[in-house]
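Single-structure report; data block below.
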C-alpha cells in the first residue's frame, strides 16, 4: 500500500525551531574569530563529542599553492609534532577539505602576553616566572633542532593557570635547513624590534643564538614595560640593535642588569647560552624544572601522574631539565624505579585473541612471533610478568635510563638528546596462554642507530635468559613461512 501524504493546513505549518549548528568535518562547532592573517584565520571551536574548546587555524589551499608555501606548511606541521611541551601550544591534528587545511590546536584562554605588558611593566616575580617558562620551552625546542626565530610577546600566550605557551612556529627553522656548508641559517626574518644583530648583517646566523637574543628583548620588555631598542626610524633602530645600545631602568637589580647584558651581547659567540642562563642567579630564584610525558597521545606533567607523589615529583627536579621529552617516558627522578615507592599489586596482562596474534605475525606460523621489524621486537616467555618488568628496570638502571611503569607496560628513556629526542622504548606484555606471555618492545622515539645499539648491547643480552626457545619440532598452525628472526 502506498503511503498517504497528510494534507497541510495553516495551523500545521512548520514551526521555527532551534537551528542546528553547522559542524566542521562533523565534529567542531566553530565560534568567534580570534585572529586573521594573510594566509590564515584562527577561530575558537567546540568539539561536540568531548565538549572541549580548541583553536582552529584555517588556511586557504589556493593561497598556499599560489604563494609557493606547500613546503613551508609541511615543515610547520612537522615542527609542531616535534616540539610537544607543556609551554608550547599543542597541535592536536591536521584536517583538510578541497579548499582548506585546518590545524586543530590547543585553545589558550588567557590571550597574548603582549596584552598584559601593554598595560605596564610586570612585577619582578611574575616577569621572572614567564621568562623561566619561556627559556624552558626554547631549550626544549633547541634540543629538537627547532629554532623559533620570531619570539615576541605577541607570540606568547598565557593559559588559565597563568602558564606561558609559545605559539606561531610559522617562521621556525630546523637544523637541517642550514645551507652553504657553514652550518648557519641565512633567511632574513623576525620582527624588527626583536631581531638579533647578526640577522641584520645577512652573513648567516646560529638559530639558537638568535632565539636567546629575542628572549633577552622579551625579558627587558616584561621588566621595563618598553623596548630596549626603539626608534621611529627603523634604520636608526637597526643601528642601535647592531651596536647593542640600551640602558636599564634604575629599578633593575644588579643581577638582572648583568643577565640582560649577557643576553643582549651583540657578539653571538660570547652571548650567554641556555645552560648558562639556567645557572644564572637571577634566573634560578624559585625555578622549578617542568617534568612531563605523553601517554595515549596526551601530554601530562608529573603532577598528573598517579604513580608519583608530590614530594617525589619535586625531589630531583633540579637536575632534569635536559631530559624533558615529548615521548611516552618522562624525565622522572631515577629514584622512582629504585624502590623508594612500594610496587603496587601486579595486574594481569591483557590477553591476546586470534586476531591479535594474526596482526602480530606476518605469517600464521607462530615462530613469526619471534621477529624483528625495524623498530620493534617480540618474543615469548614463560617467566612471571613481575620478573620480566624487574629485569627491564635493571637494564635501564645499569645505563642510567629513566623508567615509568603502568600495569604491564614499561617505558624506558635515555638522556642523550638528538633531533628526534632521546631514545625512548616501550615494552608491553600480553598473555598468550595462562603460562606464556608475549613481550613486545618498540622504539617510540630517538635515532634508529641508537635503538639498535641499545638492543644489541643491553636489551637482548639482558633478556636472553627470559626468552622461551621455540620448539622447531612442533607442527605450525599453517604451512606458510615465518618471516621474522629470533630475538
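Quick notes
- Test for residue 109: is it over 24 Å from residue 132 (Cβ atoms) and either touching a strand residue (DSSP E or B) at 6+ places or on another chain (Cβ under 8 Å) or in a loop (DSSP other than H, G, I, E, B) (or both): no
- Hey, residue 173 at pLDDT below 95 and over 25 Å from residue 46 (Cβ atoms) or not: yes
- Of all residues making up the range 65-106, the number that are part of a loop (DSSP other than H, G, I, E, B) and over 23 Å from residue 53 (Cα atoms): 5
- Residue check, residue 226 in contact with a helix residue (DSSP H, G or I) (Cβ under 9 Å, 6 or more places away or on another chain), in the same structural domain as residue 155 (by TED's automatic domain parsing) and either part of a loop (DSSP other than H, G, I, E, B) or surrounded by fewer than 21 Cβ atoms within 10 Å (Cβ to Cβ) (or both): yes
Results for (1) at pLDDT 90 or above; (2) touching a strand residue (DSSP E or B) at 6+ places or on another chain (Cβ under 6 Å); (3) more than 19 Å from residue 169 (Cα to Cα); (4) outside the structural domain of residue 89 (by TED's automatic domain parsing), shown as yes or no for each residue.
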position	(1), (2), (3), (4)
30	yes, yes, yes, no
36	no, no, no, no
42	yes, yes, no, no
46	yes, yes, yes, no
51	yes, no, yes, no
54	yes, yes, no, no
60	yes, no, no, no
64	yes, no, no, no
71	no, no, no, no
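- Looking only at the range 432-445, and only at residues there that are more than 16 Å from residue 410 (Cβ to Cβ) and touching a strand residue (DSSP E or B) at 6+ places or on another chain (Cβ under 8 Å), the one that is surrounded by the fewest Cβ atoms within 10 Å (Cβ to Cβ): 436
- Being within 25 Å of residue 40 (Cβ to Cβ) and over 21 Å from the mean Cα position of the chain (by Cα) is a property that residue 119 lacks.
- You will find that of 235, 199, 217, 210, the residue that is in contact with a strand residue (DSSP E or B) (Cβ under 6 Å, 6 or more places away or on another chain) and outside any loop (DSSP other than H, G, I, E, B) is 199 and no other.
The values are calculated or read from the model by the stated rules, or taken from the named source; none is laboratory data. As the structure is a computational prediction, the values presented were derived from the model and not from experiment. Counting neighbours? That spans all protein chains shown, and the Cβs are built from the backbone with ideal geometry, glycine included.
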